């Protein structure tokens, strides 16, 4: 059913396709759930209630501690929706969680909202992995100190569950937050990409104002190893400050600094 791919983000048409027959329904549903976090016009965020249905009772109990009632979650679903995930942008996920919780939590639980966001984020990653989701596109984006924990959690889950990202074709690492310490798992993560991911066709690395503790050269070496192991790499984009630009001199390819 390759013709479905031309529909892109035509959500209304995809929904119509689900009504044709079982085959069309299954194909359309898989596309609708490849990346629900990118559908900006979806205002009710009901996909969270569907996703969180897949949590075990212990994880649902964790949500209860933050005022997220089990009654909000669906009792049954028709498909294994988490298994359809193909594109993940950490910033879009965290932003969607923030909006959903602001509409879901009772007023007395607002003080716990930020901690609840982190819990929901970790549970979503865990759920995708347990349901054998496998990403085609993985975008790690850190725009503030509040996103820092998401960065750490993302790398931790990826390292512990290599099948989740080993087939990634589009990889983006975008860190624009100021004065953040480089996470300890950064180098294991870059080495993991070098050893386990060889299908990347597009790689974007944007980093500014990051406290790297004199590890710039090591970052350059790790990136160099990762890039040279890729068999299908067609596009590379680097955006960085002068310090990181110097470290990329290790790469034996033309590097252009974007101001």
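Taken together, the values in this text are just the output of simple stated rules run on the coordinates, not laboratory data. Predicted model only: the values in this text are computed from it and were never measured. For neighbour counting, all protein chains shown are included, and Cβ atoms are generated from backbone atoms with ideal geometry for every residue, glycine included.
Any idea how far apart residue 57 and residue 134 come out in nm if each label point goes 7 Å out from Cα toward Cβ?
3.3 nm
Only counting other Cβ atoms within 10 Å, I'd like 54, 47 sorted with the fewest neighbours first. Numbers along the way, then the final one.
On the way: 54 21, 47 17.
By the 10 Å Cβ count, ascending: 47, 54.
Hey, fewest Cβ within 10 Å first, where do 119, 168, 93 land in order? Spell out each step's value before the answer.
Working: 119 18, 168 26, 93 23.
Least crowded to most crowded, the residues run 119, 93, 168.
Can you sort 144, 134, 96 by how many other beta carbons sit within 10 Å, fewest first?
Working: 144 12, 134 15, 96 23.
By the 10 Å Cβ count, ascending, the order reads 144, 134, 96.
State the extension gain, in nm to one decimal, for the chain segment bounded by residue 98 and residue 46, taking 0.36 nm per residue of separation less the distance between their alpha-carbons. Present the calculation step by step, with values, prior to reporting the outcome.
Numbers: separation 52, 0.36 × 52 = 18.72 nm, distance 1.37 nm.
Here the answer is 17.4 nm.
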